[in-house]
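The values are calculated or read from the model by the stated rules, or taken from the named source; none is laboratory data. Computed from a prediction, not measured in an experiment: that's the story for all the values here. Backbone-built Cβ (ideal geometry, glycine too); neighbour counts: all protein chains shown. Heavy atoms of the whole protein, side chains included, go into the accessibility calculation; ligands, DNA and RNA do not. Shrake-Rupley method; radii C 1.70, N 1.55, O 1.52, S 1.80 Å.
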Amino acid sequence: MGITKAVIPAAGFGTRFLPVTKAQPKEMMPVLDKPTIQYVVEEAVEAGIDDILIITGRGKQAIEQHFDKSYELEEELKADGKLDRLDRVQKIADLADIHYVRQKEREGLGDAVLYARKHVGDEPFALLLGDTIIQNGTPCTESLIDEAEAHDTSVLSLERVPWEQVSSYGVADTSDVDSTSGSFPVNDFVEKPPQEEAPSNLAITGRYVLTSEIFELLEATEKGVGSELQLTDAIRKLDAVRGVELDGDRYDIGNIPSWLQANIEMALHHDDGEINKAVEKLLREQSL
Ligand code: G1P
């Protein structure tokens, strides 16, 4: 079960981020000096993937521009002797073979994934949501691929979230399962359940390895929560699905607090001291 392809849905509206997302895809929101989707592509590449399909839609052209070669910019950086920056810019265009397909109507994540059917064919593939960054810890997609190959099944990354947030996620039913280490079988999933009906607080994090049966199942799935075709509703029909608990920091940059948190935490992580000092000063002043 060699996995060489990744699919990155990046077609959703960034409504929670308006007006910034009026003319700019939410996946291009910067976290430090890179747009969000570059972190996602890099995670796939680090997992050994060299063929990536990004599902875009109207108004998402900036994503294609970002991963393309930029002759004019490169010439200018060369002429100015800014070789460090030149190197960083050139590397983006060489990350992987990136293909694009446009989702015509925004009918949900399941519908977006169906657009990958022709490109993916009969192979298992990695699926990474384009608005979610995972940092630190065990590389997420790489570990999902390892588990999928070891068990020959679909595998999802799961994370325990506060109970009051379960209704924003797909949630795993792992009753009677030892979910304390490695990967474990998941009995069922439910998309965005009310808190009192949620089978657990183990949420789908936006990283999957799926077998190609998912496409047929999606075709046969009715619209679900929010009148959208829900990927989770097709995943629950797969013969076997395993879960792996996420070991890392996850940021859903589609909402402002999480995007801010990503910037602050990652800045503190990569900082040479300046941001640490600024944050310490702020906290001192706040606690006075
Ligand atoms: C999607 C999925 C959901 C998953 C979530 C992770 O929901 O449908 O199962 O838990 O991503 O971010 P969305 O956030 O697009 O509503």
Of the residues in segment 161-176, those that are exposed (fewer than 13 other Cβ atoms within 10 Å of the Cβ) and touching a residue at least 12 places away in the same chain (Cβ under 8 Å) number 6
Counted residues in segment 170-184 being modelled with pLDDT of 95 or more and in contact with a helix residue (DSSP H, G or I) (Cβ under 9 Å, 6 or more places away or on another chain) come to 2
Of those in segment 177-213 that are away from the ligand (no atom under 12 Å from the Cβ), touching a strand residue (DSSP E or B) at 6+ places or on another chain (Cβ under 9 Å) and not in a loop (DSSP other than H, G, I, E, B), the residue most open to solvent (accessible area, probe 1.4 Å) is Glu197
Taking segment 102-159 and keeping residues open to solvent by less than 40 Å² (accessible area, probe 1.4 Å), more than 16 Å from the ligand (Cβ to nearest atom) and part of a helix (DSSP H, G or I) leaves Val120, Ser143, Ile145, Ala148
Those residues of segment 104-119 which are at pLDDT below 95 and of a type in the set (A, V, I, L, M) amount to none
Taking segment 221-239 and keeping only residues that are part of a loop (DSSP other than H, G, I, E, B) and open to solvent by 50 Å² or more (accessible area, probe 1.4 Å), one is left with Glu222, Lys223, Glu228, Arg236, Lys237, Asp239
Of (1) surrounded by 17 or more Cβ atoms within 10 Å (Cβ to Cβ); (2) of a type in the set (S, T, N, Q); (3) without any contact (Cβ under 8 Å) to a residue 40 or more places away in the chain, Ser70 satisfies every one except (1)
By residue number, the members of segment 30-51 that are open to solvent by less than 10 Å² (accessible area, probe 1.4 Å) and either assigned to a loop (DSSP other than H, G, I, E, B) or of a type in the set (D, E, K, R) (or both) are Ile49
Checked segment 244-285 for anything farther than 29 Å from Val155 by Cβ, in contact (Cβ under 8 Å) with a residue 60 or more places away in the chain and open to solvent by less than 40 Å² (accessible area, probe 1.4 Å); matches are Asn263, Ala267
Across (1) in contact (Cβ under 8 Å) with a residue 40 or more places away in the chain; (2) closer than 25 Å to His270 by Cα, Phe13 clears everything bar (2)
Within segment 2-13, the residues that are surrounded by fewer than 22 Cβ atoms within 10 Å (Cβ to Cβ) and within 13 Å of the ligand (Cβ to nearest atom) are Phe13
